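Following: one structure in structure tokens, then a few remarks.
Rule-based calculations on the coordinates, nothing more; no lab input. From a predicted model like this one, the values you see are computed outputs, not experimental measurements. A quick note on method: Cβ atoms are made from the backbone with ideal geometry, for glycine too, and the neighbour counts reach across all protein chains shown.
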Amino acid sequence: MAEDGYRLWLRYDSLPKQTVERYRPHVASLVVQGRSPTLAAIREELVAGLSGLLGTKVAVAADLDRDGAIIVGTPRSSPLIARLRLDHLLRALGPEGYIIRSVRLDGRRAIAIASDGEVGALYGAFHLLRLMQTVQPLDDLDIVERPRLRLRILNHWDNLDGSIERGYAGRSLWNWSELPARVDQRLRDYARACASVGINGSVLNNVNADARILSAEYLRKVAAIADAFRPYGVRVYLSIRFSAPMELGGLPTADPLDPTVAAWWRQKADEIYSLIPDFGGFLVKADSEGQPGPRTYRRTHADGANMLAAALAPHGGVVMWRAFVYDPKPGYDRAAAAYDSLKPFDGKFAPNVLLQVKNGPIDFQPREPFHPLFGAMPKTQLMPELQITQEYLGFSNHLVFLAMMWREFLDSDTYAEGPGSTVAKVIDGSLYGQRLTGMAGVANTGSDRNWTGHHFAQANWYAFGRLAWDPNLAPRRIAEEWVRMTFTRDPATAERIVRMMLESYEALVDYMTPLGLHHIMWPGHHYGPAPWWDKAERPDWNSVYYHRADARGLGFDRTATGSDAVSCYNPPIRDLFANIATCPEKFLLWFHHVPWDYRLLSGRTLWDELALRYQRGVDWVRAARKEWDALADRIDAERHAEVARKLAIQERDAVWWRDAVLLYFQTFAKRPLPPGVERPA
Ligand code: GCU
């Protein structure tokens, strides 16, 4: 069979004979009582999954008629589940939580997958399949799961013309010209994949929004997509253009405090909900990078967000207001801009507003310290925005497992309420009791046959979903699951691939932006190095703004002697960052302008260490290529060859990065490359 990657991690090829023998007594039949689109989806997935994995068609039964049944449902959909008397527990877990338990009913053994909601039962079904795909035991199951965050959302930066901003895997999955008459079957597979990791929302269009998405014509198309996603528990959201009342409604203003504007939004919300009763809400990029917003009318972020929130509130919708704002002003540092603009509004947002904040204060760089707003807005519902698509990380050409970056971010201690106030605790509500919680990821999907351009980029979609479900999961565990489901069940081979994935993030940082360097990519497309860039229309779109190389040294002084952006952080982390002697070296050049001969922990000078880091990154890619080549007979030929070709590009790019950046910085450092660093050819 061609292994083109279309099936993602939902591959149900038959298990080895021994495992099948072990499983068979537990999986003799499937009982999904009741009727509904979600129950049908559960039945279909389990029939395909169990039959595929066991290599024989699983029996579908109406009732418990033998030993070894899988029973799935809610106490309302399934009389069998009702008899287990789990209602109390299930209600506590919520409609998306579930229990998978080995039980006995009428003396017969069964595995029950029970939830208070049908979507929770679907999540449980995917969990059981994952156990089997990763060859885990099925005896004595007692699994209790519930999502830690309520909104687990993909943000698609898809334009109405089918292109995708920062998309590297083909065209948009939404075929607007065919919709609503024809809904691509692929949308169902997209929703399946999302549901399999618990993703429950999808913002269909670019944050740089086209007002037309809210026209009657497009809303009908959006409704058709919502219908396709609904059985899988994926709600649809839209990015809106703040000035839509003018562009679509012909109003003379979009002033959020103008009653005609508020009425227009209320009516629009009513219209949307009449077509899509479970519509999720709006994502808003306002007063940012040329997008319209409340500022034009001297209104605040809170004015804008709360007016939209009021229109959605009667229907249960939410507003995700983006914190990606950075207006230049004298003496300004972009790293403090969003903090300065938004912190004053802590406690001022309506209960159905979330502030969507990028993980770092600049813009989806390979490595940034956590965004200081996560430690500064105790009375605001914060949701992080991660970028799954690799805008600044080599597009879909580089193998990089982003769970490592996200883990570092989620574990960052904000010290907002003393030690242990990690970002994970801020966003999951455990620190401040935040009621509405969530996490967004800018999607990396597209029309490419393998969905994400690079086979390994599928792992980042997977990892995002798993971390949004449980922000405490370990990257190793996520990688192990994914590799076993996607590439191989052979433990030794899986371990080698997992190790590559776990190392890949640090390696990419090494060959792109080690020691706290950032934003030195080519302008515009952001692929490849251009540290020399100084011609942008805004200073903060220039590389030289960020690295500040001169004869003395390198890096952005964000301490009191410089921009003082470090003061956005709480003590003691602020003091730790601000002191060159205690600042973690991974953020050294983010916070400090460091002399070329400054000694690092290794005992080497900054210049030597920098050069060696770039070399180390290149060395890793070369070693990864060898390692991958050595796995040729362990992986299907097609995917193996495709990944090998991508790794060749990654090596070319790593060498390009090393040579370009070192040759350029050498014009300031005027020091030779240390031994061990290759001279550019
Ligand atoms: C980055 C990205 C843009 C995007 C913006 C945003 O700057 O390059 O394409 O629109 O982020 O997140 O709004």
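For the reader, a short list of remarks on this structure follows.
- Ranked T445, T437, T605, criterion: other C-beta atoms within 10 Å, fewest first: T605, T437, T445
- Modelled FRET efficiency - R0 60 Å, R652 with D106, Cβ distances, 0.05 increments: 0.40
- Separation between Cα centres of region 324-346 and region 658-681, rounded to whole Å: 35 Å
- For the chain, the share of DSSP beta bridges that are antiparallel, to the nearest 5, is 30%.
- Alpha carbon Rg of region 5-95, scaled by the compact-globule rule 2.2 N^0.38 Å: 1.19
- Folded to 0 to 90 degrees: helix 606-630 orientation relative to the chain principal axis, Cα: 30 degrees
- Computed on region 151-486, with alpha-carbon pairs under 8 angstrom and 6+ residues apart, the relative contact order is 18 percent.
- Pairs from K646/K670; K535/K670; K268/K348 whose Cα-Cα separation, in the structure shown, is over 30 Å: K646/K670
- With a Förster radius of 60 Å applied to the beta-carbon distance between L89 and R548, the computed FRET efficiency rounds to 0.55.
- Under-5 Å amide H pairs with L354, H placed in peptide plane, nonlocal only: V319, M320, W321
- Added length on full extension, which subtracts the Cα-Cα distance from 0.36 nm per residue, R476 to A581: 34.7 nm
- Using the Cβ-Cβ distance between T296 and Q267 with R0 set to 25 Å, the FRET efficiency from 1/(1 + (r/R0)^6) comes to roughly 0.70.
- Entry note, the chain: the mean residue ellipticity at 222 nm calculated from DSSP H runs of n ≥ 4, each adding -39500 (n - 2.57), is -11500 deg cm²/dmol after division by the residues and rounding to the nearest 500.
- Normalising the average separation of contacting C-alpha pairs (under 8 angstrom, six or more residues apart) by the number of residues puts the relative contact order of the chain at 11 percent.
- A DSSP coil position with no more than 12 other Cβ atoms inside 10 Å describes the following trypsin sites (Lys or Arg not before Pro) in region 609-678: K670.
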